[in-house]
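One structure below.
The values are calculated or read from the model by the stated rules, or taken from the named source; none is laboratory data. Just so we're clear, the structure is a prediction, and the values are computed from it rather than from any experiment. Cβ coordinates were reconstructed from backbone atoms using ideal geometry, including for glycine residues, and neighbour counts include every protein chain displayed. Note: accessible area is taken over every heavy atom of the protein model, side chains too, but ligands, DNA and RNA are not part of it. Shrake-Rupley method; radii C 1.70, N 1.55, O 1.52, S 1.80 Å.
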Amino acid sequence: MTKPFPQTMDFAGFNAPSRIEADIYDLVVEGELPAEIRGHWYRSIPDPQYPPKDGWDTFISGDGMVSLFRFEDGHVDFRQRYVMTERLKRDRAARRGLHGLYRNPYTDEPGFFGESRTASNTTPVFHAGRILAAKEDDRPYELDPNTLATIGPYDFGGALKSLTMTAHCRPDPETGELYFFGYEAGGLASREVAFCIADKTGKLIREEWFEAPFVSLIHDFAVTKEHVIFPLQPVSADLERLKSGGAHWVWDPDQGTQVGIMPRGGSVKDLRWFKGPPSSFFHFLNAYSDGDKVTVDVCASDMIVFPFIQEASGVVANPAEMGGRLARWSFDLSRNEDSWTETVLGPGGDMPRTADKDAMKDYEIAYYQTYDPRNGPPMVSGPVGAGFNTVIRLNVKTGAMKTLSLGPHVTVQEHIHIPSSQPRHEGWLAFVCDLHDENLSEVAVVEAEHLDRGPICRIKIPMRLRCQVHGTWVPAGALPGF
Ligand code: V55
Ligand code: FE
């Protein structure tokens, strides 16, 4: 008998586990969905199959669920499936949760130590016709792009040596290469980082390892046409702490922020390390190089936002006083100094994205999300508690900003950008809206350039969709048989 989930922020209200695998053909659409939008939108969602073994856990430990919206000629079909990980299979066989703390196998039940325990719950990475459900603690699982059936763990045909792969890969839209990395590449709490490139056919063509200055939570990285940037936030891991049953991550401000930069055509031996005051960041909006000048745009704050990491670190932080901002870091590689300068581009938030075509180059338009208290009280959705309630379009050159909120009781999940083939058309954004009053979800589609005008259509979902972590848009042309 499965007991109720704990009534904590991670498992209650809109964050209540869903555990629903579904197929819904032809969702109801209010308004006009442009027929030009053709493709698959994949989303990764932590959705725990069982209540936590120890009575407590974090949202981001939940078993990976992947959903798929298929857009075809103004119609939308929906599918949602679990990633059938070794973790989920073990739990189902036992009919209960066997796994303990987030990324601490020493807290698991005995009997399977050393076997994969990833929940595979962070990003559906698309590359060379494959969908890889990724989480940074392990290698990804490959899924069938149409049925979402789990094919199995993926290691680039046996080529990948790193034991981990980030959930934040950086595709080069011009070369079709996939840039990625793995941290803790050599094992739990190891300092090794693997820097990797797969070519456009999916073949691993480069894997080089280096030792990071400390074991840092390297959630994302940045790549320009000329440089690769590894940003280390002062959130650190320690094997002895894990062995004694402690938390994987603690806020460790003494490490400061450390940023390694190497020439993209060079090697990890060329990494040059820059040091700055402690700050926390998960997602990079974009980055570009102009000679010796490297520009990196990032959603940053003064303190780690995850409550479960704050608690493990004994820090008490008020969300309103965490110094959140969209920051621009400017590095000048011609200077013989290890610092950088920061300017503020926009208000605090997260889930920053550009159009894929703008990646790695000087650019103008950013989309991201914020929580704006003027649009209503905090509503629980997603891994850090309060969900975002406002989508922002920011011109990073002029500072011009447009925003959209959809009411005081609606939170918004991460958007995707859908490009248009029409000239001078900025494309669309689509995002799942959490309708807290109805306990249901819908997808809003907006014109990217005019998001402040509100949705051009709403795709109704007859169930609540738990908050995704990340999603990926794959145009029909990139999908075999579509
Ligand atoms: C994040 C999410 C994760 C994770 C580490 O959003 C960082 C940040 C969903 O899992 O394992
Ligand atoms: Fe992320």
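Among what's in the stretch 135-178 and is outside any loop (DSSP other than H, G, I, E, B) and touching a Phe, Trp or Tyr at 6+ places or on another chain (Cβ under 7 Å), pick the residue that is most open to solvent (accessible area, probe 1.4 Å).
Within the stretch 135-178, the subset outside any loop (DSSP other than H, G, I, E, B) is 141-143, 150-153, 170-171, 178.
Now narrow it down to the ones that are touching a Phe, Trp or Tyr at 6+ places or on another chain (Cβ under 7 Å): 141-142, 150, 152-153, 170.
Working: 141: 6, 142: 33, 150: 41, 152: 13, 153: 96, 170: 47 Å².
Selected residue: 153.
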**Report entry** Answer residue from the stretch 53-66, given it is without any contact (Cβ under 8 Å) to a residue 60 or more places away in the chain and open to solvent by 20 Å² or more (accessible area, probe 1.4 Å) and is farthest from ligand 1 (Cβ to nearest atom) among those
**Finding:** 55
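Yes or no, residue by residue, for (1) closer than 16 Å to residue 471 by Cβ; (2) within 14 Å of ligand 1 (Cβ to nearest atom):
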{"site": "124", "(1), (2)": "yes, yes"}
{"site": "133", "(1), (2)": "yes, yes"}
{"site": "138", "(1), (2)": "no, yes"}
{"site": "142", "(1), (2)": "no, no"}
{"site": "147", "(1), (2)": "no, no"}
{"site": "156", "(1), (2)": "no, no"}
Query raised in the report: Of all residues in the stretch 360-395, which are touching an Asp or Glu at 6+ places or on another chain (Cβ under 6 Å) and of a type in the set (Val, Ile, Thr)?
Result: 390
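For the structure I just gave you, tell me whether residue 455 is free of Cβ contacts under 8 Å to residues at least 24 places away in the same chain, assigned to a loop (DSSP other than H, G, I, E, B) and open to solvent by 20 Å² or more (accessible area, probe 1.4 Å). Before the answer, list the steps.
Numbers: free of Cβ contacts under 8 Å to residues at least 24 places away in the same chain: no; assigned to a loop (DSSP other than H, G, I, E, B): yes; open to solvent by 20 Å² or more (accessible area, probe 1.4 Å): yes.
No: the conditions fail for residue 455.
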Query raised in the report: What pairs come up if the first residue lies in the stretch 140-157 and is under 19 Å from residue 121 (Cβ atoms) and of a type in the set (Phe, Trp, Tyr), the second is modelled with pLDDT of 95 or more and part of a loop (DSSP other than H, G, I, E, B), and their beta carbons are under 6 Å apart, counting only those six or more places apart or on different chains?
Result: 141/83; 141/120; 154/140
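For the condition open to solvent by 20 Å² or more (accessible area, probe 1.4 Å) and outside any loop (DSSP other than H, G, I, E, B), what is the one hit in 205, 197? Walk me through it before giving the result.
On the way: 197 fails: open to solvent by 20 Å² or more (accessible area, probe 1.4 Å).
So the residue among 205, 197 that is open to solvent by 20 Å² or more (accessible area, probe 1.4 Å) and outside any loop (DSSP other than H, G, I, E, B) is 205.
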Query - Given (1) closer than 19 Å to residue 411 by Cβ; (2) open to solvent by less than 20 Å² (accessible area, probe 1.4 Å), index of the condition residue 40 fails - result: (1)
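With the requirement that a residue be open to solvent by 30 Å² or more (accessible area, probe 1.4 Å) and touching a residue at least 12 places away in the same chain (Cβ under 8 Å), what does the stretch 6-22 give you? Before you say what the answer is, go through the steps one by one.
Taking the stretch 6-22 as the starting set, the residues that turn out to be open to solvent by 30 Å² or more (accessible area, probe 1.4 Å) are 7-9, 13, 19-21.
If the condition is that a residue be open to solvent by 30 Å² or more (accessible area, probe 1.4 Å) and touching a residue at least 12 places away in the same chain (Cβ under 8 Å), then 8, 9, 13, 19, 20, 21 are the ones that fit.
Which one is farthest from ligand 1 (Cβ to nearest atom), of the residues in the stretch 182-234 that are in contact with a helix residue (DSSP H, G or I) (Cβ under 6 Å, 6 or more places away or on another chain) and closer than 22 Å to residue 155 by Cβ? If you could, list the steps in order and put the result at the bottom.
So the first thing to find is which residues in the stretch 182-234 are in contact with a helix residue (DSSP H, G or I) (Cβ under 6 Å, 6 or more places away or on another chain), and the list is 189, 195, 208, 210, 214, 234.
Going one step further and asking which of them are closer than 22 Å to residue 155 by Cβ, we end up with 189, 195, 208, 210.
Working: 189: 15, 195: 19, 208: 24, 210: 21 Å.
So, considering only residues that are in contact with a helix residue (DSSP H, G or I) (Cβ under 6 Å, 6 or more places away or on another chain) and closer than 22 Å to residue 155 by Cβ, the one farthest from ligand 1 (Cβ to nearest atom) is 208.
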Query - Filtered residues of the stretch 304-327 (kept if more than 17 Å from residue 370 (Cβ to Cβ) and touching a residue at least 40 places away in the same chain (Cβ under 8 Å)) - result: 304, 306, 307, 308, 309, 310, 312, 313, 315
